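Accompanying notes for the structure given below.
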Amino acid sequence: MKKAGINLIEVKERNRALLLQSICTAGTITRSELSESLQLSPMTVTNITSELLQKHIIEEVPPLDPVKTPGRTPMLLRIGNVSPVILGVYISRTCLHGVVCGMSMQLLVRKRRPLTAGDNEQSLVQKMREMITQLAGSTDRPILALGVSTVGIINAENTGIAYVTDFFGIRSLDLQKALQPFVPFPIFVGNDMKASGLSELYFGAGKDVDSFLYVGLTGGLGAAVVSNHELLDACGELGHTSIDDEGLQCACGSRGCLELYASTPTILRQIQRECGVTLENMAQAATFALTDMTAYTIFYNAMRHLAYGLNNYLNLINVSTIILGHDAALLPGEFVSLLEQWLSRINVSVHQRQMRPAFVKARFGEDSPVYGSICVVLQQLFQGELFDRLFDL
């Protein structure tokens, strides 16, 4: 099949998007560095940066420690202090997290609102509307868009949740339809694992690697795959891969799903049942396990089950790095080493790569899905969308 060509307008838009992405993710960068890294002519870089400077999207600043060389000292480019901001909301199974960030991920405002057992679809949407109103009212800078990262499988239109289990009686919810009448800016929705993968791809531990698997341990288990610096359109429901077809019954209808053996709620319930200790979160559980043999054994078994689940993934995809995020970022190094040891024994894909995948913690830790909500919008911008709105603000 013949591929469609690219006209000059598309080339310009693509170059502009790539250049803005480089400035956003670098923090500060010179024109010559942009020209070299993007393989663009100095004239092309100058033309695009001049346009962005004129719109106050980026700004020039002198280097902190200028090197004394002949000629003019090169100025640094960065996202401007008056440029548009992005609102982000992360919907977890227990809480709404809201942030306001600049386009280089500078955190400006953060809010949190718990979800309770009595919540339903109507109350969830109402709490989101109120949080978005508070976030929008907390900044006097123009708002580019709202990004939402959420639990559950996202629909084909990327407007909301197509399917989710054990979530306040909600099975599906079109978030864009529910929120857009009350929001005067675009809304983009993404799965929390994929959004987290984007945050680590653009700004975190995956920025300098070709491929990685993001693994999030939370109320369930999820994953996101990045190959050749691109997020793949994979379902990512690692928690609903079965490791025992005669195992426990899962809410999804299958048996022996991984999240029944290695999710945060499972670990907390087992510690409460076997140790008589009620812990609130993974951070407390991990700390307790290092001082209590029974709790340590619970984690030991959970890591063993997780290793088998990861092995299924890694035998199908070729990645060099595994990034542990959500609650997995809170695992002590001792438990991460257990994962590495088991995988090194059972994984066969290592013979193709002739090296083991490296395990690293997410740069944003358990907050990866929070910052990921911002990256849901940045992904659109870096693909060449939203520029008309960006320039009109």
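Observations, loosely collected:
- Rounded to the nearest whole Hz, the Karplus-based 3J(HN,Hα) values (6.51 cos²θ - 1.76 cosθ + 1.60, θ = phi - 60°) of region 382-393 follow the sequence 6, 8, x, 8, 6, 5, 4, 5, 4, 6, 8, 6, with x at glycine and proline.
- Solvent exposure, largest accessible area first (probe 1.4 Å, DNA, RNA and ligands not counted), of THR278, THR266: THR278, THR266
- Interchain or long-range residues, amide H under 5 Å from VAL109's placed H: VAL100
- For region 292-393, average projected area of the Cα convex hull in nm²: 8.7
- Here the accessible area is traced with a 1.4 Å probe on the protein chains. For the chain, carbon and sulfur cover 50 percent of it.
- In this view, the solvent-accessible surface of TYR371, computed with a 1.4 Å probe and all protein chains in place, comes to about 30 Å².
- Calculated mean residue ellipticity, 222 nm, the chain: -12500 deg cm²/dmol, from DSSP H runs (n ≥ 4) at -39500 (n - 2.57) each, averaged per residue and rounded to 500.
- Where trypsin sites (Lys or Arg not before Pro) fall in DSSP loop in region 154-251, at most 12 other Cβ within 10 Å: ARG171
- Amide H within-cut-off set for ILE143, under 5 Å, with H built and near neighbours excluded: VAL85
- Region 18-139: Rg to Rh, with Rh as the Kirkwood radius over Cα pairs: 1.17
- With Rh defined as the Kirkwood radius, the inverse of the mean 1/r over Cα pairs, the Rg/Rh of region 152-281 is 1.02.
- Restricting region 192-298 to GluC sites (Glu not before Pro) in coil, as DSSP defines it, with at most 16 other Cβ within 10 Å: GLU246, GLU280
- Rolling a 1.4 Å probe over the protein heavy atoms gives the chain an accessible area of 48 Å² per residue.
- The accessible area of THR321, taken with all protein chains in place and a 1.4 Å probe, comes to roughly 10 Å².
- For region 71-227, size of Cβ-based charge dipole, Lys and Arg +1, Asp and Glu -1, in debye: 440
- Charging the Cβ of each Asp and Glu at -1 and of each Lys and Arg at +1, and nothing else, the dipole of the chain about its Cα centre rounds to 500 debye.
- Anisotropy class of region 75-232 from Cα gyration tensor, a/c 1.5 cut: oblate
- Listed values (i) 58, 23, 17; (ii) 33, 27, 21; (iii) 38, 26, 20 include one computed from this model; for semi-axes √(5λ) of the Cα gyration tensor in Å that value carries the label (iii).
- Using a probe of 1.4 Å on the protein chains alone, the accessible area found for LEU316 is around 150 Å².
- Volume in Å³ per residue [convex hull over Cα atoms, computed for region 199-347]: 116
- If only the Cβ of Lys and Arg carry +1 and only the Cβ of Asp and Glu carry -1, the dipole of region 284-393 around its Cα centre is close to 520 debye.
The values are calculated or read from the model by the stated rules, or taken from the named source; none is laboratory data. Source: prediction; values computed, not measured. Note that each Cβ is placed from the backbone with ideal geometry, even for glycine, and that neighbours are counted across all protein chains shown. In case anyone asks, the SASA skips ligands and DNA or RNA and just uses the protein heavy atoms, side chains included. Shrake-Rupley method; radii C 1.70, N 1.55, O 1.52, S 1.80 Å.
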